[in-house]
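The values are calculated or read from the model by the stated rules, or taken from the named source; none is laboratory data. Quantities reported herein were computed from a predicted structural model and do not represent experimental measurements. Every residue, glycine among them, receives a Cβ derived from its backbone with ideal geometry; neighbour counts consider all protein chains shown. Accessible surface is based on the protein model in full, side chains and every heavy atom, while ligands, DNA and RNA are left aside. Shrake-Rupley method; radii C 1.70, N 1.55, O 1.52, S 1.80 Å.
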Amino acid sequence: MKAYELLYIVKPTLDDEAREAVLESIKNIITEANGEVGEVDVWGSRKLAYPIQKFRDGVYTLVNFKATVDFPKELDRRLKISEDVIRHIIVAQDEK
């Protein structure tokens, strides 16, 4: 298993329950693929550098997880489909 970092931005118009539901669905996707969810850090609402889908703000969340090497491709595909996630990036962490 390899360590990864997922940073995603959801629409600022979502309420707390909807944001929590997005996070739970991401955790479920990771655990269903035999991955391990590590630290979750909600950064909160931040101003975007440029408008994305006509939004000027977004709610940032950072998720550390471990998974197999081919899993990030599937997670990326599912996040692209999600209507609530406006941007995301998955980065492999260096071995320490």
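Within the option set LYS2, LYS54, LYS11, being open to solvent by 60 Å² or more (accessible area, probe 1.4 Å) and on the phi < 0 side of the Ramachandran plot holds for one residue only, LYS2.
Among the numbered conditions (1) touching a helix residue (DSSP H, G or I) at 6+ places or on another chain (Cβ under 7 Å); (2) not in a strand (DSSP E or B), the only one that TYR8 does not meet is (2). The set of residues in region 22-37 that are crowded, with 17+ Cβ neighbours inside 10 Å, assigned to a helix (DSSP H, G or I) and either touching a helix residue (DSSP H, G or I) at 6+ places or on another chain (Cβ under 9 Å) or of a type in the set (D, E, K, R) (or both) comprises ILE26, ILE29, ILE30.
For GLU74, the stated conditions do not hold, so it cannot be described as assigned to a strand (DSSP E or B), open to solvent by 50 Å² or more (accessible area, probe 1.4 Å) and not β-branched (Val, Ile, Thr). Candidates in region 79-96 are the residues that are loosely packed, with under 14 Cβ neighbours inside 10 Å and among the basic types (Lys, Arg); of these, the one that is nearest to LEU62 (Cα to Cα) is LYS80. Tell me the residue from ASN34, ASN28 that is under 24 Å from LYS2 (Cα atoms) and modelled with pLDDT under 95, please. Just one listed residue meets the conditions, ASN34.
Hey, any hits in region 67-80 for a residue that's among the β-branched types (Val, Ile, Thr) and free of Cβ contacts under 8 Å to residues at least 60 places away in the same chain?
Scanning region 67-80 turns up no residue that is among the β-branched types (Val, Ile, Thr) and free of Cβ contacts under 8 Å to residues at least 60 places away in the same chain.
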